[in-house]
Amino acid sequence: MNRLASRILPLSRDGADIKCFEGTYGAYEEYCKGAAQRLDTECAEQSLRTGKEEYLRTKKETAQKRKKLQDIQRITEEIKKTEARLTEVEAELFGEASSDYIRAAALDEERHALEAVLYELYEKEEGQ
């Protein structure tokens, strides 16, 4: 067969594509084996890339979830501290400072500022 064939015209599986191979049948068989090995190598490399991409995507999602959880915990702690300070200010405002109008005015300003901060923290907490 190697002596007779000098050009081979293989058809694709669906018959729509015809290629021309110049050479003997033995050379054509070697070419096909090499093509199959290249295809196997490409599939393996694609599989590795896909696995790596999946790992990186999962890693990124996990990091985002962890960051979001840390943000929620941080905001919750800030809310607790702000509410505690607001309770202290109100207790002092309506207790000892009720007769000292200068101290009461300063505490009232601080109370309004704390309420504004607390409102922003509540909005952040709801947004998470």
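Read-outs throughout are calculated quantities, based only on the coordinates presented, and are distinct from any laboratory measurement. Because the structure is predicted, anything quoted here is derived from the model rather than measured. Virtual Cβ from ideal backbone geometry, glycine too; neighbours counted across all protein chains shown.
Using 0.36 nm per residue and subtracting the Cα-Cα separation, the extra length available between residue 19 and residue 81 on full extension is 14.7 nm. With both labels modelled 7 Å from their Cα along Cα-to-Cβ, the residue 55 to residue 96 distance reads 6.1 nm. The ranking of 102, 79 by Cβ neighbour count inside 10 Å, starting from the fewest, reads 102, 79. Cβ-Cβ distance of residue 128 and residue 38, R₀ of 41 Å, FRET efficiency by 1/(1 + (r/R0)^6): the value works out to about 0.25.
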